[in-house]
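**Q** Once you've had a glance at the structure underneath, I'll fire off some questions.
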Amino acid sequence: MARYQEIALSLEAAIGQTYQPGQYLPPEQHLASEYRVNRHTLRRAIDELVSKGWLMRQQGKGVLVLNQPVRYPLHSGAKFSDNVANIGASPTTRLLAKQQVLASAEVSRALELAPGTKIWRLKTLRFIDEVAVSVVLHHFVPSSHDNILRQYRSGSVHHFLAQQGALALQRQRTLISAQMATEDECLCLQMPCSAPLLRLFTTNVDDKKKPFECSIALIRAEFVELTMEH
């Protein structure tokens, strides 16, 4: 086994004991001295754990220890904020953009609308313990709830709708695929553009089982484990 792999195993074993999620590793020079290797070898070891989702490099700050991947069940009532809270982590959502757009062919089919229908689209950035993990595009059918959507500023979109007395949405179907991140997505998620993203295209329905929202979630694959019950 190569020396950098031995160091990676040692660091992985220390996560959750010596190094807790949310903490930063000691400086590279300190760790290189501790393991009696040069900084190049140490960086290869850290890169191993970055690729596994245990660590994350943050420019100007250091190497952050991450929580274990979030188990994300895909049942009808699954919610991002609830799944993250269930592992003891802190979920937050930031609004990046809110605008009216013309529905694409894919979105039109999901929402059962005529192609080119004007709809509301919210673009949000989701975090787990202040680490960006996914970019989400929410698309909504035109409805009497448009004024409520205009008031949204941050936090879980579905919780916001429920709190406003609008409606409670349920997941009807989710299509899972993968795609390479764009330059903008790499910047938002602070990730290398060589890494793939999970793409979840989800249709959510209202209490009458009518499509009300479809979302496209682009997720850093190392941060989630999708689970499906059969």
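The values are calculated or read from the model by the stated rules, or taken from the named source; none is laboratory data. In this text the structure is predicted, and so the values were computed from the model without any measurement. Note that we place each Cβ from the backbone using ideal geometry, even for glycine, and neighbour counts take in every protein chain shown.
**Q** Between 94, 150, 173, which is assigned by TED's automatic domain parsing to the domain that holds residue 200, surrounded by fewer than 18 Cβ atoms within 10 Å (Cβ to Cβ) and in contact (Cβ under 8 Å) with a residue 60 or more places away in the chain?
**A** The unique qualifying residue is 94.
**Q** Just the residues that are over 30 Å from residue 68 (Cα atoms), buried (at least 16 other Cβ atoms within 10 Å of the Cβ) and of a type in the set (A, V, I, L, M), please, taken from the stretch 105-125. If you could, list the steps in order and put the result at the bottom.
**A** Initially, the stretch 105-125 is screened for residues over 30 Å from residue 68 (Cα atoms), giving 105-121.
Then keep just the ones that are buried (at least 16 other Cβ atoms within 10 Å of the Cβ); that gives 107-108, 110-111, 113, 119-121.
Those that are over 30 Å from residue 68 (Cα atoms), buried (at least 16 other Cβ atoms within 10 Å of the Cβ) and of a type in the set (A, V, I, L, M): 107, 110, 111, 113, 119.
**Q** Could you count how many residues in the stretch 194-207 are surrounded by fewer than 17 Cβ atoms within 10 Å (Cβ to Cβ) and over 19 Å from residue 109 (Cβ atoms)? Can you show your working first?
**A** Going residue by residue through the stretch 194-207, those that are surrounded by fewer than 17 Cβ atoms within 10 Å (Cβ to Cβ) are 194-196, 199, 207.
Next, only the ones that are over 19 Å from residue 109 (Cβ atoms) stay: 194-196, 207.
Adding up the residues that qualify gives 4.
**Q** Now for a separate question. With (1) loosely packed, with under 15 Cβ neighbours inside 10 Å; (2) free of Cβ contacts under 8 Å to residues at least 40 places away in the same chain; (3) within 14 Å of the chain's Cα centre (by Cα) as the list, and residue 83 as the residue in question, which single condition is left unmet?
**A** (1)
**Q** Right, something else. In this structure, is residue 13 farther than 22 Å from residue 223 by Cβ and among the hydrophobic types (A, V, I, L, M, F, W, C)? Walk me through how you get there before you give the answer.
**A** Working: farther than 22 Å from residue 223 by Cβ: no; among the hydrophobic types (A, V, I, L, M, F, W, C): yes.
No; evaluated as a whole, the condition is false for this residue.
**Q** Here's another thing I want to ask about it. Among the numbered conditions (1) at pLDDT below 95; (2) out of contact with any helix residue (DSSP H, G or I) (no Cβ under 7 Å at 6 or more places or on another chain); (3) in a helix (DSSP H, G or I), tell me where residue 144 comes up short.
**A** (3)
**Q** Sticking with this structure for a sec: Being at pLDDT below 90 and either out of contact with any helix residue (DSSP H, G or I) (no Cβ under 7 Å at 6 or more places or on another chain) or under 21 Å from residue 66 (Cβ atoms) (or both): is that true of residue 226 here? Don't jump to the end; show me each part of the working.
**A** On the way: at pLDDT below 90: yes; either out of contact with any helix residue (DSSP H, G or I) (no Cβ under 7 Å at 6 or more places or on another chain) or under 21 Å from residue 66 (Cβ atoms) (or both): yes.
In short, yes.
**Q** Exactly one condition in (1) closer than 16 Å to residue 78 by Cβ; (2) crowded, with 18+ Cβ neighbours inside 10 Å; (3) at pLDDT below 95 is not met by residue 191; state its number.
**A** Going through (1) closer than 16 Å to residue 78 by Cβ; (2) crowded, with 18+ Cβ neighbours inside 10 Å; (3) at pLDDT below 95 one by one, residue 191 breaks only (1).
**Q** Okay, next question. Residue 48 - would you say it is over 15 Å from residue 223 (Cβ atoms), touching a residue at least 12 places away in the same chain (Cβ under 8 Å), surrounded by fewer than 17 Cβ atoms within 10 Å (Cβ to Cβ) and of a type in the set (Asp, Glu)? Before the answer, list the steps.
**A** Values: over 15 Å from residue 223 (Cβ atoms): yes; touching a residue at least 12 places away in the same chain (Cβ under 8 Å): yes; surrounded by fewer than 17 Cβ atoms within 10 Å (Cβ to Cβ): no; of a type in the set (Asp, Glu): yes.
Considered against the rule, which asks whether it is over 15 Å from residue 223 (Cβ atoms), touching a residue at least 12 places away in the same chain (Cβ under 8 Å), surrounded by fewer than 17 Cβ atoms within 10 Å (Cβ to Cβ) and of a type in the set (Asp, Glu), residue 48 comes out as no.
**Q** Exactly one of (1) more than 30 Å from residue 204 (Cβ to Cβ); (2) touching a residue at least 24 places away in the same chain (Cβ under 8 Å); (3) surrounded by fewer than 19 Cβ atoms within 10 Å (Cβ to Cβ) is unmet by residue 38. Its number?
**A** (2)
**Q** Please go through the stretch 126-144 and pick out each residue that is under 17 Å from residue 99 (Cα atoms) and crowded, with 18+ Cβ neighbours inside 10 Å.
**A** So the first thing to find is which residues in the stretch 126-144 are under 17 Å from residue 99 (Cα atoms), and the list is 135-144.
Once the filter is applied, which keeps residues that are under 17 Å from residue 99 (Cα atoms) and crowded, with 18+ Cβ neighbours inside 10 Å, the stretch 126-144 yields 135, 136, 137, 138, 139, 140, 141.
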